[in-house]
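Before any comments, here is the structure.
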């Protein structure tokens, strides 16, 4: 296949406070083997040579696990491929002459820092509210002292595979963080190690999620559909049960 | 420079216990008076920051990403070793120690490696207690798998995402301390200099990557856990942001850099496809269990792989190494791939790849069995290359993966600069000339959870905290240095982007300081790198604003450091005229073409001391003493 | 653990309240529809006798009505809170939006809940004022004087404008219930992966039955008058 020429409509915003706008760029000689981010690299190389500011976009591992990359591509967080982060989306999924709209995650809880990069520290604060078992280093018993059913362990791993990218928030029509929060609550609720603090954890993490200004969950399940790790909204149902238990029984 | 490894006296198995008893303690009530800076939030950094905070120290933890959870430890796939002996197959602390020191080709310290094996079991206990969902058997107990370089199954894993799960475990402990305000988390901030007062590490100079603000942070000790320097090669399996800048700044402030030439090249990566390519993707080594490696016998054979008849294929690993075949160690597999590619028999569009063919296994076991074992890897391959590996042989090629070298540390993980500690991949300590699979995670967490909490106390207890006034000349000098470098980069306004320079540096490094090295090539590299560096400082062009988020400026600064580090790697490789582990000198091979160590001349750690701009660094040697293992030559025929 | 009032109005509890009241209102609609089916018999006395059961409840009717109003209010207030929260949580909207497909349950129903809800509410006001508080005809059945609601209904449903309003609103109600029923179970944390598809299908069926049932009656009366 011959190289492609693409038109990109990219959100540019100088910093947190400035208003942003879309700017249109043309990128030529895009190989079908490039990843989407490599195509963005090519654009930035062009901009540097022209003496213009590069387009900021978060990225790091480029193998779909660090959760740093984002981008809403033609209305879909991480692009149209299911179970794929932007860094593993390849240009062969696009056609010569395509117009591609590239936007940042949009949520009040994820303010834009510059262009396409957003501040996702709200997730860290939710984790700090209870996404752990309260144990210090040194006191742990032998690892095989607690047998755990393989099924529970596997299901916990499904939830634990969350990469914290925030696509769930970006895709949710309400900008809800339920899938992210549920993944951690569910992981620890499924394992014996998480039992001692399970009610406290559910109450505090949900409270922090609300405090951060995320929207409510209206069960659109878009989050599951865009999640690079395909985490199921079943975990959201479990989070709710955990929360009700906390409400009914206290800590 | 005096290098005192501080290895404790006594029998190997008792060294760590006795040493811990001798280490001075900080009274619990006094701990809160100490501030510790931890740079990096990967396995080593996050575990250290969390553990130190649990003890009561005040910790400031820095990372360049938006969250500690993004550190590149997250990308480790395979697993973590421990000497639990759960499978009852004869493992022990001694065996893990032995395998690790042998795997490192006898270029690491016995005492350090033994301690690593000792604490390995505690790491698994700690991880399980944190709620890490390790793989389990139906009976509810932990599952183990086997890994290269060992004859026992001692690797614990969580699907193909072990690094992710261990990092999220450490991250959760860290966030618990953040909630308690024991740790102050400072994200999107890059360390750009180390501040020394009276020869001791007392702080760092940083740049806020959002606002561009330059700030200084002072502490009683500085812990560096910023990972390896594989990105010197431009293309590697490292993350885009992985860099050597923090470690390199320490080197330029006087910390010795040890064994810089020891890099690990991983044989099964997805080959590069064009100049635009930004990184290489690793695929688990386990693929070699069922895939057969081959290239065409004829040079420049352009036929599709399935059109090449059986008798015109060269299964070179099977023919050269009849007993190990496709399962030779990482370095041997990598070097042989390079040989056949250099011979003009490479495959794929770039001609820099070899085939990894599953056709026989699929015939023998059925496609379903292969799908069960490797389905996710095959999917990942298809996503990137757009070819179905069930039908067409995979193309693979080696890629830079891990760096064993790093800042020199003693047994306490303190560098030669008092108060400067170095953990994880950033130090040189435990893997010698070659790291075994599933040992990186073990070392990072051992350093952070189980070594630094003890050893840092000894330093703090004997070094009274001194208040450094903010007007101290060392602080002003450091801030000025950071500003100057950035201004200089922005002032050049040349023709080439930093990525173009980085790509050129990568080519030099890969060509001359890559899988096989010789004197002529290394000398060539020592000529080319300074030339490239000079050009860089005259002709680089950086995207303009230093007071805004500016990833180009960040990267350019790091590439400037790589351009210096690359030269030191070449110098170290030239100096070490022997082959060992990941360092293969063409001049030093056995008759069979295998790596030949020269234990009489080179059983030492090379520690390089910075001597100033444009001056040759000084080499110091820390002799390695082996009282407990016998040094043998590896053979895989 | 936050104080109870806080947790009752947290995002999770709020949606549970919405779900519980929503399911209760679906129950109310089901009973309502069953009663209305009497209209299809054309027997005015039977319908008036049925509606007189409620009228003769006396003060107990007020209790039922108050409960109903409370359920509606909780449902409405939580719904409006979600809708306002949504605007607050995403102040800048996307230039381009698309459905992600796959397991997504995002449909025209799910994204218009607040609008269909508001229209149904407006309809409700109209419905109650024109019927419950509409013209008071009287009739005598078996010697007992009672309200002739049947006459009023027949009069109303003879007017094409009213019939069209009913038909359209009931269609929108169907859309509301299509997402609402399934969503309520998920909000209550009651969904298991095995049941998810089943509940979703039941939700679609309930939406069709209630919407078609309710819109068929005025249409039938209009056409057969």
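The values are calculated or read from the model by the stated rules, or taken from the named source; none is laboratory data. Keep in mind it's a predicted model, so treat the numbers as computed, not measured. All Cβ positions, even for glycine, are placed from backbone atoms using ideal geometry, and neighbour counts span all protein chains on display.
Only one residue in C:17, C:61, C:8, C:37 is surrounded by fewer than 17 Cβ atoms within 10 Å (Cβ to Cβ), in contact with a helix residue (DSSP H, G or I) (Cβ under 9 Å, 6 or more places away or on another chain) and closer than 27 Å to residue C:178 by Cβ. Which one? Before the answer, list the steps.
Details: C:17 fails: surrounded by fewer than 17 Cβ atoms within 10 Å (Cβ to Cβ); C:61 fails: closer than 27 Å to residue C:178 by Cβ; C:8 fails: closer than 27 Å to residue C:178 by Cβ.
Step by step, each of C:17, C:61, C:8, C:37 is checked, and only C:37 is surrounded by fewer than 17 Cβ atoms within 10 Å (Cβ to Cβ), in contact with a helix residue (DSSP H, G or I) (Cβ under 9 Å, 6 or more places away or on another chain) and closer than 27 Å to residue C:178 by Cβ.
With the checklist (1) assigned to a strand (DSSP E or B); (2) closer than 20 Å to residue B:412 by Cα in hand, flag the one item residue B:251 doesn't pass.
(1)
For residue C:101, state whether it is within 14 Å of chain A (Cβ to nearest Cβ) and farther than 20 Å from residue C:172 by Cα. Break it down into steps so the answer makes sense when it comes.
Numbers: within 14 Å of chain A (Cβ to nearest Cβ): yes; farther than 20 Å from residue C:172 by Cα: yes.
It is true that residue C:101 is within 14 Å of chain A (Cβ to nearest Cβ) and farther than 20 Å from residue C:172 by Cα.
Does residue C:48 qualify as being in contact with a helix residue (DSSP H, G or I) (Cβ under 8 Å, 6 or more places away or on another chain), more than 27 Å from residue C:180 (Cα to Cα) and in a helix (DSSP H, G or I)? Break it down stepwise before answering.
Values: in contact with a helix residue (DSSP H, G or I) (Cβ under 8 Å, 6 or more places away or on another chain): yes; more than 27 Å from residue C:180 (Cα to Cα): yes; in a helix (DSSP H, G or I): yes.
Taking the combined requirement at face value, the residue satisfies it.
What are the residues in the stretch B:126-150 that are facing chain A (nearest Cβ under 7 Å) and buried (at least 20 other Cβ atoms within 10 Å of the Cβ), if any?
Hits for the stretch B:126-150 are B:126, B:128, B:129, B:130, B:131, B:133, B:136, B:142.
Of all residues in the stretch B:533-553, which are assigned to a helix (DSSP H, G or I) and either surrounded by 20 or more Cβ atoms within 10 Å (Cβ to Cβ) or in contact with a strand residue (DSSP E or B) (Cβ under 6 Å, 6 or more places away or on another chain) (or both)?
Start the filter on the stretch B:533-553 by keeping residues that are assigned to a helix (DSSP H, G or I), which leaves B:533-539, B:551-553.
Selection gives B:536, B:539, B:551, B:552, B:553.
Any chance you could count how many residues in the stretch A:16-28 are crowded, with 16+ Cβ neighbours inside 10 Å and either touching a residue at least 60 places away in the same chain (Cβ under 8 Å) or within 12 Å of another protein chain (Cβ to nearest Cβ) (or both)?
Count: 2.
I'd like the full set of residues that are within 11 Å of chain A (Cβ to nearest Cβ) and not in a helix (DSSP H, G or I), limited to the stretch B:64-81. Please lay out each step first, then the result.
Keep residues of the stretch B:64-81 that are within 11 Å of chain A (Cβ to nearest Cβ), which gives B:64-77.
Within the stretch B:64-81, B:64, B:65, B:66, B:67, B:71, B:76, B:77 qualify.
Which ones in the stretch A:178-204 are within 9 Å of chain C (Cβ to nearest Cβ) and under 12 Å from the mean Cα position of the chain (by Cα)? Lay out the reasoning, then the answer.
Looking only at the stretch A:178-204, we keep the residues that are within 9 Å of chain C (Cβ to nearest Cβ), and these are A:178, A:199-200, A:202-204.
Once the filter is applied, which keeps residues that are within 9 Å of chain C (Cβ to nearest Cβ) and under 12 Å from the mean Cα position of the chain (by Cα), the stretch A:178-204 yields only A:178.
Identify, from the list B:521, B:506, B:494, the residue that is closer than 16 Å to residue B:561 by Cβ and either under 28 Å from the mean Cα position of the chain (by Cα) or at pLDDT 95 or above (or both).
Numbers: B:521 fails: closer than 16 Å to residue B:561 by Cβ; B:494 fails: closer than 16 Å to residue B:561 by Cβ.
Within the list B:521, B:506, B:494, the selection yields B:506.
Can you tell me which residue among C:92, C:63 is more than 7 Å from chain A (Cβ to nearest Cβ) and free of Cβ contacts under 8 Å to residues at least 60 places away in the same chain? Before the answer, list the steps.
Numbers: C:92 fails: more than 7 Å from chain A (Cβ to nearest Cβ).
Step by step, each of C:92, C:63 is checked, and only C:63 is more than 7 Å from chain A (Cβ to nearest Cβ) and free of Cβ contacts under 8 Å to residues at least 60 places away in the same chain.
Out of all the residues in the stretch C:181-188, is one or more under 15 Å from the mean Cα position of the chain (by Cα), more than 14 Å from chain A (Cβ to nearest Cβ) and crowded, with 17+ Cβ neighbours inside 10 Å?
no
Quick one: how many residues across the stretch B:563-603 are assigned to a loop (DSSP other than H, G, I, E, B), under 19 Å from residue B:622 (Cβ atoms) and out of contact with any helix residue (DSSP H, G or I) (no Cβ under 7 Å at 6 or more places or on another chain)?
Final tally of qualifying residues: 4.
Pick out the one residue from A:35, A:70 that is buried (at least 20 other Cβ atoms within 10 Å of the Cβ) and either more than 19 Å from residue A:224 (Cα to Cα) or without any contact (Cβ under 8 Å) to a residue 40 or more places away in the chain (or both).
Details: A:70 fails: either more than 19 Å from residue A:224 (Cα to Cα) or without any contact (Cβ under 8 Å) to a residue 40 or more places away in the chain (or both).
Sole residue among the options that is buried (at least 20 other Cβ atoms within 10 Å of the Cβ) and either more than 19 Å from residue A:224 (Cα to Cα) or without any contact (Cβ under 8 Å) to a residue 40 or more places away in the chain (or both): A:35.
Which condition number does residue C:201 fail, the rest of (1) assigned to a helix (DSSP H, G or I); (2) away from every other protein chain (no Cβ under 14 Å); (3) free of Cβ contacts under 8 Å to residues at least 40 places away in the same chain; (4) surrounded by 14 or more Cβ atoms within 10 Å (Cβ to Cβ) being met?
Looking at each condition in turn, residue C:201 falls short on (4).
Which numbered condition in (1) surrounded by fewer than 21 Cβ atoms within 10 Å (Cβ to Cβ); (2) within 24 Å of residue B:434 (Cβ to Cβ); (3) without any contact (Cβ under 8 Å) to a residue 60 or more places away in the chain is the only one that residue B:110 fails?
(3)
Can you confirm whether residue B:153 is in contact with a strand residue (DSSP E or B) (Cβ under 9 Å, 6 or more places away or on another chain) and surrounded by fewer than 21 Cβ atoms within 10 Å (Cβ to Cβ)? Show your work before the answer.
Details: in contact with a strand residue (DSSP E or B) (Cβ under 9 Å, 6 or more places away or on another chain): yes; surrounded by fewer than 21 Cβ atoms within 10 Å (Cβ to Cβ): yes.
Criteria met by residue B:153.
The rows are residues; the columns are (1) buried (at least 20 other Cβ atoms within 10 Å of the Cβ); (2) at pLDDT below 90.
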residue: B:311; (1), (2): no, no
residue: B:359; (1), (2): no, no
residue: B:362; (1), (2): no, no
residue: B:376; (1), (2): no, yes
residue: B:404; (1), (2): yes, no
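Among the residues of the stretch A:132-165, write down those that are crowded, with 24+ Cβ neighbours inside 10 Å and more than 7 Å from chain B (Cβ to nearest Cβ).
A:159, A:162, A:163, A:165
For the stretch A:213-231, indicate whether the set of residues that are under 22 Å from residue C:87 (Cβ atoms) and surrounded by fewer than 23 Cβ atoms within 10 Å (Cβ to Cβ) is non-empty. It would help to see each step written out before you state the result.
First, the residues of the stretch A:213-231 that are under 22 Å from residue C:87 (Cβ atoms): A:213-223, A:226.
If we keep only those that are surrounded by fewer than 23 Cβ atoms within 10 Å (Cβ to Cβ) too, we end up with A:213.
Yes.
Is there a residue being assigned to a loop (DSSP other than H, G, I, E, B) and within 23 Å of the chain's Cα centre (by Cα) anywhere in the stretch B:176-183?
Restricting attention to the stretch B:176-183, the residues satisfying the condition of being assigned to a loop (DSSP other than H, G, I, E, B) are B:180-182.
Then drop every residue that is not within 23 Å of the chain's Cα centre (by Cα), which leaves none.
Checked the stretch B:176-183: no residue is assigned to a loop (DSSP other than H, G, I, E, B) and within 23 Å of the chain's Cα centre (by Cα).
Which members of the stretch B:97-120 meet the condition of being in a helix (DSSP H, G or I) and either over 21 Å from residue B:8 (Cβ atoms) or within 19 Å of the chain's Cα centre (by Cα) (or both)?
The first filter runs over the stretch B:97-120 and keeps only residues in a helix (DSSP H, G or I), leaving B:97-103, B:110-120.
Within the stretch B:97-120, B:99, B:100, B:101, B:102, B:103, B:112, B:113, B:116, B:117, B:120 qualify.
Quick one: would you say residue C:218 is modelled with pLDDT of 95 or more, more than 19 Å from the chain's Cα centre (by Cα) and either farther than 16 Å from residue C:19 by Cβ or crowded, with 21+ Cβ neighbours inside 10 Å (or both)?
Taking the combined requirement at face value, the residue does not satisfy it.
Out of the stretch B:45-63, which residues are within 18 Å of the chain's Cα centre (by Cα) and either facing another protein chain (nearest Cβ under 9 Å) or not in a loop (DSSP other than H, G, I, E, B) (or both)? Working first, answer last.
Going residue by residue through the stretch B:45-63, those that are within 18 Å of the chain's Cα centre (by Cα) are B:45-48, B:63.
Scanning the stretch B:45-63 gives B:45, B:46, B:47, B:48.
Which of the residues spanning the stretch B:17-35 are out of contact with any helix residue (DSSP H, G or I) (no Cβ under 7 Å at 6 or more places or on another chain) and in contact (Cβ under 8 Å) with a residue 12 or more places away in the chain? Show your work before the answer.
To start, the set of residues in the stretch B:17-35 that are out of contact with any helix residue (DSSP H, G or I) (no Cβ under 7 Å at 6 or more places or on another chain) comprises B:17-19, B:21-22, B:27-30, B:32-33, B:35.
B:19, B:22, B:28, B:32, B:33, B:35, listed by residue number.
Which residue, of A:83, A:97, A:79, A:75, is within 14 Å of chain C (Cβ to nearest Cβ), over 30 Å from residue B:184 (Cβ atoms) and more than 14 Å from the chain's Cα centre (by Cα)? Give the steps one after another, and end with the answer.
Working: A:83 fails: more than 14 Å from the chain's Cα centre (by Cα); A:97 fails: within 14 Å of chain C (Cβ to nearest Cβ); A:79 fails: more than 14 Å from the chain's Cα centre (by Cα).
Only one candidate passes the filter, namely A:75.
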